[in-house]
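Enquirer: Here it is, the structure in full.
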Amino acid sequence: MTTKEQVEQALSGVLVPGAGRSVIQLNMIREIEIVDNLVKITVAATALSPGSQDWIRTKAKADVEALPEVNKVEVEFIDLKPTELNQINHIIAVMSGKGGVGKSLVAGLIAIALNRQGNEVGILDADLTGPSIPKMFGITTRPGGSDTGILPVLSRSGIEVMSINLLLPEESAAVIWRGPLISKAITQFWEDVVWGKLDYLVVDLPPGTADAPLTVLQTLPISGVIIVFTPQDLTAMVVRKAVNMVEKMNKAILGVVENMSYLYVPEIDKRIEPFGRSRGGEMAQVASAPFLGQLPIDPELARLCDEGTIESYNSDAFTALSQAFVQALPKAK
């Protein structure tokens, strides 16, 4: 007799139009009933246009009817909210009180490291006035969906991405909004986007300790925060404000990352510290969290970000940092 597991395996090849992930990965299969040689499948219609529903129905019936002992397949669609579909094991916020320290870069590298380890990963770009995640990942496709939900865009390596820049008429358009509108948009990125099943959702926060970071820390079930800084005394002072905010919100700081720590000059085989000595130990002590490592000023990384190909980045520093992430972040269930 056909089993539920066999049906799920067949449905794993049914990709949602405009999303690049299957109905299984997006958690859209709500019920599978097998009676004799009849299979009844209930699918969430969330974020699906009528045309997408028709395509999924046809594809699902064809794939499941190909199973042994299946004579007939019925597919029914039901209305659900995106939050009823989302099953995210851990949400990691990347934060710093200071702008220009590379939060988006670190958020992107965390997502890439987790993805390379075989995890299902998404990035929520909460920096609405300075979104840079789509540019780094080379994403220009507009999110799909319907009036019942939004489908995130998939990167080349399979990371789900949602950013305000993907919804603007052009990437250079300015988001000139007051705090309440920004907070509402971030909330919608959490409540109206079909993230589906994810091991990790990485949230790239804007600088400061005002509306946007407050909304994320209050609204989303954050598993922990990664603090990013650069080795300047001024930056360290401002980052302490972010650490204090996280502590007051009773969220865990999982670790600290020092970006732009040094510049390696291969011609003379020397490391130069343009912003001064490392403050990794000092910031780790302030945050009462482990020092995860340093990222250098790397022209190759800058080039890949400009070209939108950050997912192809490799370096000894990134490898070491990836291993530190594995140790610091909560394990995927």
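Enquirer: Find how much the distance from residue 278 to residue 316 grows on full extension, using 0.36 nm per residue of separation minus their present alpha carbon separation; answer in nm with one decimal.
Expert: 11.9 nm
Enquirer: Need the list of lysines near residue 241 for cross-linking: C-alpha distance under 18 angstrom, and skip anything on the same chain fewer than eight residues off.
Expert: Partners within reach: 98, 103, 251.
Enquirer: Once phi is turned into θ = phi - 60°, what whole-Hz ³J(HN,Hα) does the Karplus curve with 6.51, -1.76 and 1.60 give for every residue of the stretch 192-206, x standing for Gly and Pro?
Expert: Once θ is set to phi - 60°, the couplings for the stretch 192-206 become 9, 9, 8, 7, x, 8, 10, 6, 9, 10, 9, 10, 8, 8, x Hz.
Enquirer: Using modelled backbone amide H atoms (1.01 Å from N, in-plane), which distant-in-sequence or interchain residues come within less than 5 Å of residue 201's amide H?
Expert: For residue 201, the qualifying residues are 90, 91, 92, 122.
Enquirer: Also, I was wondering about something else. Neighbouring Cβ atoms within 10 Å as the yardstick, rank 95, 162 fewest first.
Expert: In increasing order of surrounding Cβ atoms, one gets 162, 95.
Enquirer: Inverting the mean 1/r over all pairs of different Cα atoms, compute the Kirkwood radius of the stretch 4-80 and quote it in Å.
Expert: Mean inverse Cα-Cα distance, inverted, gives 12.2 Å.
Enquirer: Starting from the Cα of residue 4, draw a straight line to each of the aspartates and glutamates and keep only those under 20 Å, dropping any in the same chain fewer than 8 residues away.
Expert: In chain and number order, the partners are 31, 33, 36, 63, 65, 69, 74, 76.
Enquirer: Okay, next question. Could you give log10 I(q)/I(0) at q = 0.08, 0.12, 0.14, 0.17 Å⁻¹ for the stretch 84-328, computed by the Debye formula over C-alpha point scatterers of equal weight, without solvent?
Expert: Normalising to I(0) and taking log10 leaves -0.28, -0.64, -0.89, -1.35.
Enquirer: Can you work out ³J(HN,Hα) from phi for every residue in the stretch 29-46, in order, using Karplus 6.51 cos²θ - 1.76 cosθ + 1.60 and θ = phi - 60°, giving whole Hz and x for Gly and Pro?
Expert: Taking θ as phi minus 60°, the curve returns 7, 9, 7, 10, 10, 10, 10, 6, 9, 9, 10, 10, 10, 9, 10, 6, 8, 4 Hz for the stretch 29-46.
Enquirer: In the stretch 1-29, whose amide N lies under 16 Å from the spot 7 Å out along Cα-to-Cβ of residue 76? List them in ranges.
Expert: Counting backbone N atoms under 16 Å from the label point, the list is 29.
Enquirer: Counting helices only, and only those DSSP H runs with n ≥ 4, report the 222 nm mean residue ellipticity of the chain as the sum of -39,500 (n - 2.57) divided by its residues, in deg cm²/dmol to the nearest 500.
Expert: Helices in the chain give a 222 nm mean residue ellipticity of -10500 deg cm²/dmol.
Enquirer: Follow-up. When the distances between all Cα atoms of the stretch 236-333 are binned every 5 Å from zero, what whole-number percent does each bin get?
Expert: 2, 11, 17, 20, 19, 16, 10, 3, 1, 0
Enquirer: Still on this structure, I have one more. Once the Cα atoms of the stretch 91-218 are picked out, what are the Rg and Dmax in Å?
Expert: Rg, Dmax (Cα atoms, Å): 13.5, 39.
None of the figures in this text is laboratory data; all of them are computed from the coordinates on show. The model shown is predicted, which means the values in this text are computed figures rather than measured ones. Note that each Cβ is placed from the backbone with ideal geometry, even for glycine, and that neighbours are counted across all protein chains shown.
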